[in-house]
1. Restricted to the range 150-177, and to residues that are crowded, with 19+ Cβ neighbours inside 10 Å, in a helix (DSSP H, G or I) and among the hydroxyl-bearing types (Ser, Thr, Tyr), which residue is nearest to the chain's Cα centre (by Cα)?
2. If Leu301 passes every condition in (1) aliphatic (A, V, I, L, M); (2) surrounded by 15 or more Cβ atoms within 10 Å (Cβ to Cβ); (3) free of Cβ contacts under 8 Å to residues at least 12 places away in the same chain but one, which one does it miss?
3. Quick one: which of Lys181, Lys185, Lys210 is outside any helix (DSSP H, G or I) and over 22 Å from Asp276 (Cα atoms)?
4. Report, by residue number, each residue of the range 31-56 that is in a helix (DSSP H, G or I), among the β-branched types (Val, Ile, Thr) and either touching a Lys or Arg at 6+ places or on another chain (Cβ under 8 Å) or surrounded by fewer than 12 Cβ atoms within 10 Å (Cβ to Cβ) (or both).
5. Residues that are over 24 Å from the mean Cα position of the chain (by Cα), among the charged types (D, E, K, R) and under 25 Å from Leu167 (Cβ atoms), at least 1 per element: which helices (runs of 4 or more DSSP H) completely within the range 244-319 meet that?
6. If we keep just the residues of the range 178-200 that are of a type in the set (Asp, Glu) and surrounded by 13 or more Cβ atoms within 10 Å (Cβ to Cβ), which is farthest from the chain's Cα centre (by Cα)?
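Just so you know, all these numbers are worked out from the coordinates, no wet-lab data involved. Since this is a predicted model, take the numbers as computed values, not measurements. Virtual Cβ from ideal backbone geometry, glycine too; neighbours counted across all protein chains shown.
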Amino acid sequence: MQEESKPIIAISSCLLGKLVRYDKNHCQDKWILQELSKYVEIVPICPEMEMGLGVPREEIHLYFNKEDKTDIRLKNKYEGSDLTELAEETYKRMNTDLFTKNIDGFILTKKSPSCGLDNVKTIQKDDPSVVTRSVGLFAKNILENFPSTPTIDSGRLLNKSLRENFLKGVYAHYRFQTMEKTPGKFQEFHKKYKYILMDHSTINLKKLGKIVADAKKETINDSLNDYYTLFFETLSIEATPKTRCNTLQHLMGYFKKNLESHEKSEVLTLLDDYRDDIVNYDVLLKYFDLLTKKYDVPYLLTQYYFAPCPKGLKLLKEI
């Protein structure tokens, strides 16, 4: 029996417990190793090792030019040798390999001069006492060359909401990349993600719906490309209590007439409590899921809204 394929996530090697940091250490993340690894295929990445810097090695830092703050360089801390060109050449080679692997997501190490997504210490060249914060050089490369691929760092991974949205994006990316590229399958994908998209942007949901409606067999690749970019831009828009309540009210319309009076009252109370930050979203989602199953609503049962990623995947970070 052929093993079912899984999403592919490229992850900083030090988060996997590999001794690749400058001091021959690691910053292992137990949740990634003990939980996430059961559900995805992992591709270890370490730009500094790919650059041939080895371990142990001299610390590296980002430096900026006072006259041009956009000119950020990667240098050894003490020796001062400039590693920027070597880094950029290495990233091009790594990008080629990552493109061939069809990566569905990236998890990078926080605050690293290579991999940090933000808040990376960046020093003024002629005055080390002047420090600002920027994006790691490799992380910047990933954001520029894989703009629609879900990306998070080990700091953001601690935030439950950000972590869930990242995983939702990873599984959406995987499903999109592996679906059969026909108008019919395209329409099916969009239908299953309709209410997730509504959570993030009703305006973009309409735009995406039009792309799907206009898709023809002869031009399917152009339609898919347009949809892909806008779809993942939409998932990056924060879902709010207001937008989620709007979505849930749409869902309620499917079984509103079937609801018993106490159920209807309970739903309305839960919606108000969620708006007032008395109950969390998970409570509301579970209740709507139970109602969908109780009243056997076929259209909603096909939605990814209640289970955007495997239900067995424990999202709690603490292990």
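1. Filtering first and then ranking leaves Tyr171.
2. Failed condition: (2).
3. Residue meeting the stated conditions: Lys181.
4. Passing the criteria: none in range.
5. Those helices (runs of 4 or more DSSP H) span 281-294.
6. Among those residues, the one meeting the criterion is Glu188.
Per-residue answers, yes or no, for (1) charged (D, E, K, R); (2) surrounded by 21 or more Cβ atoms within 10 Å (Cβ to Cβ):
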residue: Glu58; (1), (2): yes, no
residue: Leu62; (1), (2): no, yes
residue: Lys66; (1), (2): yes, no
residue: Tyr78; (1), (2): no, no
residue: Ser81; (1), (2): no, no
residue: Met94; (1), (2): no, no
residue: Ser112; (1), (2): no, yes
residue: Asn119; (1), (2): no, no
